[in-house]
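I have placed the structure first, in the form of structure tokens, so that the comments after it can refer back to it.
Bear in mind that the values in this text are calculations on the coordinates, not laboratory data. Please read all numbers here as calculations on a predicted model, not as lab measurements. Cβ: placed from backbone, ideal geometry, glycine included. Neighbour counts: every protein chain shown.
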Amino acid sequence: MPNLYEPSGKQRIQSIDILRGVIMLIMALDHTRDFFHIVGPTNDPTNMVTTTPILFFTRWITHFCAPNFVFLSGISAYLAGTRRTKNELSAFLIKRGVWLVFVEVVILTFAFSLNPFYNFFILQVLWVIGLSMIILGLLVRAPLSVIAIIGALIFFGHDILDYLQLPKTGFEGNLMKLLFIAKGSVIPLGKTHLIFDLYALIPWTGVMLLGYVFGSLYKSSFAPERRRKVLLYTGIGMLAFFIVLRYFNIYGDPEPWSVQRNSVYTFLSFLNVSKYPPSLMYCLMTIGTGLIVLSLTEHVHNRITAIFIIYGNVPFFYYVLHFYLIRATNVVVFFIQGFGVKQIVNPNSAFLFSPPHFGFNLFGVYLVWLFVIITLYFPCRWFSRYKKTHKQWWLSYL
């Protein structure tokens, strides 16, 4: 079975769409848990004192989404460049980056908060993808080796900041949060507005740049068998590097693992690497696994992978739509569970329709998640087919 197919006259790579589709589905589980788990807003699922194995892994499995999403965006940027000149690619990446930042700040902030006054703005994965694309757009004229060096220095070196005393307050402190150390950081914008930043720009930019470099493996002149070996061995090497560095707590994560009350929780502690900001350990564990999946799925095509490909074909469309479906379901369940208009605003939460004791246990969260991803299959299938049969310019931005 060939690993390439041709929608809309453009070459798509099956393994990339499979991995991206899996990411999309798993990602929705985390966002469903955020809004529907009865203790979701107040209980950290990776807290070794309060978590359970099933709750921990419900959160942990979703760690693989953001880094591989950003990494695949870098690969896609390289593939977009095979159909454009360097100048055209630069302009495209900068414009698309600006568009993604707009979507994050305006469209997705509203989906999260349902607050028409925008008293706070949420900066998540689309904002770092957008700004990383702008940075990449400024760098694409440089030799690939230069981009690789910059990406590698950021990827492997940014955890050095864990050992430095960085500014924590004032303009400099806020700049450090935006660029390097965001971990649910709150940045005030006057008395009534603020920024809630979860994604630090520079570490994620390193992931994007390395993804762009790995995109060169998908050139038509690159032998498929060699590509699969490079992906497989690199992925295995990254996981091995993760295990060694993590075991000795040498470098690469601000929170070392430690012996817990039993062997199960000690294992959970070992896996409990830092996403905010993305540590080297976190990136090695997640992207290493993603590279192995890319290698092993180039020639896999069956009914299951065909479903993943549907979601992977339209990641941006799915991403925006799934937030609005989750929030619409949230509002419906809010009233079904007997909450009233007076409880729409929770003084202890920035999100509307999230009163204390709202939601379900973890089993209920999984049922809502299944409802969300199954419901979205049909509009995603329609839009995937539409993209394959239409060539309007705006489709490259969706």
- [ ] Evaluate the Kirkwood expression for the hydrodynamic radius of the range 242-398, namely the inverse of the mean inverse distance over all pairs of different C-alpha atoms, and round to one decimal in Å.
- [x] 19.9 Å
Task: Percent of beta bridges antiparallel (DSSP, the chain, rounded to nearest 5) - done: 55 percent
- [ ] May I ask for the net charge around A66, where only other residues with Cβ less than 12 Å from the Cβ of A66 are counted and Lys, Arg are +1 while Asp, Glu are -1?
- [x] 0
Open item on the list: Please list, ordered by chain and number, the residues whose modelled amide H lies under 5 Å from the amide H of A200; skip anything fewer than 5 residues away on the same chain.
Closed with: A182
Task: Protection-proxy order for peptides 218-227, 370-379, 99-108, each taking the mean of Cβ atoms within 10 Å per residue, highest first - done: 99-108, 370-379, 218-227
TODO: Would you list the membrane-span-like helices of the chain, meaning whole DSSP H runs whose alpha-carbon atoms span at least 18 Å along their axis and whose mean Kyte-Doolittle value is at least -1.0?
DONE: 14-36, 65-81, 86-102, 125-139, 144-157, 201-214, 224-248, 280-296, 315-336, 362-389
Open item on the list: Out of the trypsin sites (Lys or Arg not before Pro) in the range 343-392, which ones are loop residues according to DSSP with at most 13 other C-beta atoms within 10 Å?
Closed with: K391
Task: Tail beyond 22 Å, pair distance distribution of the range 171-330 (Cα, percent) - done: 62 percent
- [ ] Can you spot the aspartates and glutamates whose alpha carbon is less than 18 Å from K95's alpha carbon? Ignore those fewer than 8 places along the same chain.
- [x] E104
Open item on the list: Using Cα springs under 10 Å in a Gaussian network model of the chain, which residue among F110, F335, F180 shows the largest mean-square fluctuation?
Closed with: F335
Task: Mean Cβ neighbour count within 10 Å, used as a protection proxy, ranking 153-164, 276-287 highest first - done: 276-287, 153-164
Task: Span from the the range 278-327 Cα centroid across to the the range 181-256 one, whole angstrom - done: 15 Å
TODO: Rank-order 188-201, 318-331, 14-27 by packing density, defined as the average count of other C-beta atoms within 10 Å over each peptide's residues, highest first.
DONE: 14-27, 318-331, 188-201
TODO: Could you tell me which of the pairs K219/K387; K219/K388; K177/K219 are separated by over 28 angstrom between their Cα atoms in the structure shown?
DONE: K177/K219
Open item on the list: Let's see if you can work this out: charge +1 on each Lys and Arg Cβ, -1 on each Asp and Glu Cβ, no other charges. What is the dipole magnitude of the chain about its Cα centre, in debye to the nearest 20?
Closed with: 1100 debye
TODO: Mind jotting down the three principal axis lengths of the chain based on Cα atoms? Whole angstrom, largest first.
DONE: 62, 50, 44
Task: Radius ratio Rg over Rh of the range 256-320, counting only Cα atoms, Kirkwood formula for Rh - done: 1.14
Open item on the list: Along its three principal axes, how long is the range 71-169 when you only count alpha carbons? Whole Å, largest extent first please.
Closed with: 44, 40, 20
